[in-house]
Amino acid sequence: AVPDDHVIVLFGATGDLARRKLLPGLFHLAKAGLMPSSWRIVGSAPASSALSDEEFRQHARDAVAEFGLAEPVGEAWRAFEDALSFGAADAGDPGPLVAAVGAAERAVGGSPRRLFHLAVPPTAFGSVIGMLGATGLAEGGRVIIEKPFGTDLASARALNETVHTVFDESRVFRIDHFLGKESVDNILALRFANGLLEPVWNRDHISHVQIDVPETIGIEGRAGFFEGTGTFRDMIVTHLLQVLGFVAMEPPTSLAARPLRDERCKVFEAMRPLDVRHVVRGQYEGYRDEPGVDPRSQTETFVALRVEVDNWRWAGVPFYLRSGKSLGQRRQVVALHFREPPLRMFPVDARPDADGRGNALVVDFDDPGWISSRFLVKRPGPTMRLAPAEMTFRYTDSFQKAHGLEAYERLILEAMSGDQSLFTRSDGIERLWQVAEPLLDSPPDVQPYAPGSWGPDAINDLIAPHRWYLPDGK
Ligand code: BG6
């Protein structure tokens, strides 16, 4: 269905996220014919970095040229550009923004819906939301809030309270862009559209699960953000635990937003508070020399940890999560490792899985993504010897437009349609901060690791007797 006519207000319009993802994504949506029949985008920022309409258009053109899939040229670009304007806003002086939104609404005609995208630092969420309430701009509108949503339980609760004084929960879209990734969404299809997998998707058959998101990039000049955030808040408590929600949830009664979010929240409810004995915090060598980083910084650039989900399906099945900067490869992988058959019929020397790498189902959810199952076959020849084998599905082999929509594009479209399925909910977020509390209260010291490695040595003890699927599993 085509979303209602919209005026989208982009706070943080001159920031990094708008440049890399949001402006290119909005142009791609427009080019793909997925925007409403009539719409306008109003960029906003504090008066200190205000732009004229023309400067904002130029800013958008540069962003799309640098980061977009489609070049900012031709009729499509001109139409897009015409729909852009700018209105600065400070808490004390929201006048220019209010005027710009009014003008954009008249240009759209009728009574378009407002969508506010808060691509601003978390410290600014409260004041922007207060301003939206005070000016009346919030009325009937929806709000997209970027992560991280709070820094601990108390701040997330306070932020939820602030948000709810202006927007009721049905109009709040807390974004976690991993949930907009095609292959993460596909986990639902994989599990609940196939009779083959769901019957074995539980503690009876699965020995442990790995969710592994190593990155090769460092902090890319984001010291100001990263020093106060760290990998745990930036990646684990947001992205990786949300992916875990998809992997571990019970079948929802339908694919509607409420049952889908209920089931994900139930997984978070069942999580045991983290045990710091099963957490490895790391920091890459050289991090303390980065500009803007405290030379004695204890901020982690790497985390590996064990999560336990105490419910009927998963009791006793550890989930191992890892993410870090400056590691050996960029990958985004879920690996489910299956238990061995009850009887060892094959001579021991015939078992190539003697190192515990038997059956596994691996979902690579980085765009464009693939799924692979690993099993054992008889090696051809006169004796019964086993060899590892693999069956792999690749999006690019099966679908022409393997990419579909980029995560942010998908999520902005869902927000315009009012569908909250792929967004996080206040109770779920608060529960995750509660689960995180022991680690936030007494974080183990950071351990150094070499850039290009896979993290501090302690990660091997963490997962023993199992082994990390990456990098040797491929
Ligand atoms: C962001 C984090 O949310 O996700 C970054 O702030 C991280 O630190 C990024 O690099 C990874 O996202 P993607 O789209 O590259 O998978």
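Structure summary
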read-out: Index of the failed condition, Ala248 passing every other in (1) surrounded by fewer than 22 Cβ atoms within 10 Å (Cβ to Cβ); (2) of a type in the set (A, V, I, L, M, F, W, C); (3) touching a strand residue (DSSP E or B) at 6+ places or on another chain (Cβ under 9 Å); value: (1)
read-out: Boolean, Pro352 is at pLDDT below 95, over 22 Å from Leu197 (Cβ atoms) and open to solvent by 20 Å² or more (accessible area, probe 1.4 Å); value: yes
read-out: Residue identified as surrounded by 17 or more Cβ atoms within 10 Å (Cβ to Cβ) and of a type in the set (Ser, Thr, Tyr) among Ser254, Ser170, Ser183; value: Ser183
read-out: Hey, Met345 aliphatic (A, V, I, L, M) and crowded, with 23+ Cβ neighbours inside 10 Å or not; value: no
read-out: Answer residue from the range 286-345, given it is touching a Pro at 6+ places or on another chain (Cβ under 7 Å) and more than 16 Å from the ligand (Cβ to nearest atom) and is nearest to Gln210 (Cα to Cα) among those; value: Arg306
read-out: Residue among Pro251, Pro273 that alone is within 21 Å of Pro438 (Cβ to Cβ) and in a loop (DSSP other than H, G, I, E, B); value: Pro273
read-out: Pick from the range 390-434, criterion touching a Phe, Trp or Tyr at 6+ places or on another chain (Cβ under 6 Å) and either assigned to a helix (DSSP H, G or I) or open to solvent by less than 40 Å² (accessible area, probe 1.4 Å) (or both), ranking: farthest from Leu29 (Cα to Cα); value: Arg431
read-out: Residue match in the range 305-323 (condition: assigned to a loop (DSSP other than H, G, I, E, B), in contact (Cβ under 8 Å) with a residue 40 or more places away in the chain, of a type in the set (D, E, K, R) and surrounded by 17 or more Cβ atoms within 10 Å (Cβ to Cβ)); value: no
read-out: Residues (within 16 Å of the ligand (Cβ to nearest atom), open to solvent by less than 50 Å² (accessible area, probe 1.4 Å) and part of a loop (DSSP other than H, G, I, E, B)) located in the range 200-245; value: Glu215, Gly218, Ile219, Thr229
read-out: Complete set of residues in the range 171-187 that are under 8 Å from the mean Cα position of the chain (by Cα) and more than 10 Å from the ligand (Cβ to nearest atom); value: Leu179
read-out: Residue match in the range 177-191 (condition: of a type in the set (A, V, I, L, M), part of a helix (DSSP H, G or I) and over 30 Å from Phe393 (Cα atoms)); value: no
read-out: Condition met for Thr123 (among the β-branched types (Val, Ile, Thr), within 16 Å of the ligand (Cβ to nearest atom) and not in a loop (DSSP other than H, G, I, E, B)); value: yes
read-out: Members of the range 207-226 that are among the charged types (D, E, K, R) and at pLDDT below 95; value: Glu220, Arg222
read-out: Qualifying residue in the range 162-170 (condition: within 16 Å of the ligand (Cβ to nearest atom) and modelled with pLDDT of 95 or more); value: no
read-out: Selection within the range 324-340 - in a strand (DSSP E or B) and open to solvent by less than 10 Å² (accessible area, probe 1.4 Å); value: Gly324, Leu327, Val333, Val334, Ala335, Leu336
read-out: When residues of the range 274-290 are limited to those that are open to solvent by 70 Å² or more (accessible area, probe 1.4 Å) and of a type outside the set (Lys, Arg), the one farthest from the chain's Cα centre (by Cα); value: Asp289
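The values are calculated or read from the model by the stated rules, or taken from the named source; none is laboratory data. Keep in mind that what you see is a predicted model, and the values were worked out from it rather than measured. As a convention, Cβ positions derive from the backbone with ideal geometry for all residues, glycine included, and neighbour counts pool all protein chains shown. Surface accessibility is based on the protein's heavy atoms, side chains included, excluding ligands, DNA and RNA. Shrake-Rupley method; radii C 1.70, N 1.55, O 1.52, S 1.80 Å.
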